[in-house]
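Below: the structure, in structure tokens.
The values are calculated or read from the model by the stated rules, or taken from the named source; none is laboratory data. Computed from a predicted model, the values in this text were never measured in an experiment. Cβ: placed from backbone, ideal geometry, glycine included. Neighbour counts: every protein chain shown. The accessibility values were calculated without ligands, DNA or RNA, using every heavy atom of the protein model including side chains. Shrake-Rupley method; radii C 1.70, N 1.55, O 1.52, S 1.80 Å.
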Amino acid sequence: MAEKDYRLDIDDSALDLIAEAGFDPVYGARPLKRAIQQYIENPLAQDLLSGKFIPGKVITLSVKDDEIVAQQI
């Protein structure tokens, strides 16, 4: 994202949601990569491809209604 002049800021609530979704008592943190892809990478890629965000501004990830939402400041 830095190559395309996008900056990402993830607040603590979003990090907590990812940590909770990416932890399994049996497998530990192994599901973390899938959680990151599901909650951050895939939705963010769709937003970028659709032109929702413009380069040069910070994209902030936070939690709203138990979902991670991306906003540009």
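General observations
- Computed helical MRE - 222 nm, the chain, DSSP H runs ≥ 4 contributing -39500 (n - 2.57), nearest 500: -9000 deg cm²/dmol
- Solvent-accessible area, 1.4 Å probe, carbon plus sulfur percent, for the chain: 50 percent
- The ellipsoid that matches the Cα gyration tensor of the chain has semi-axes, each √(5λ) in whole angstrom, of 24, 13, 10, with the longest given first.
- Amide hydrogen neighbours beyond the local backbone of Gln72, cut-off 5 Å, H modeled: Thr60
- Distant-in-sequence amide H partners of Ile10 (H built 1.01 Å from N, under 5 Å): Leu61
- Per residue solvent-accessible surface (Å²) - the chain, probe of 1.4 Å: 74 Å²
- The phi-based Karplus calculation (6.51 cos²θ - 1.76 cosθ + 1.60; θ = phi - 60°) puts the 3J(HN,Hα) values of the stretch 61-73 at 9, 9, 9, 9, 6, 6, 10, 7, 10, 10, 9, 10, 9 Hz, whole numbers, x for Gly and Pro.
- Ile10 accessible area, assembled protein chains, probe 1.4 Å, Å²: 50 Å²
- Per-residue SASA entry for Glu67, accessible area with 1.4 Å probe, Å² rounded to 10: 120 Å²
- Using Cβ point charges alone (K and R +1, D and E -1), the dipole size of the chain about the Cα centre works out to roughly 300 debye.
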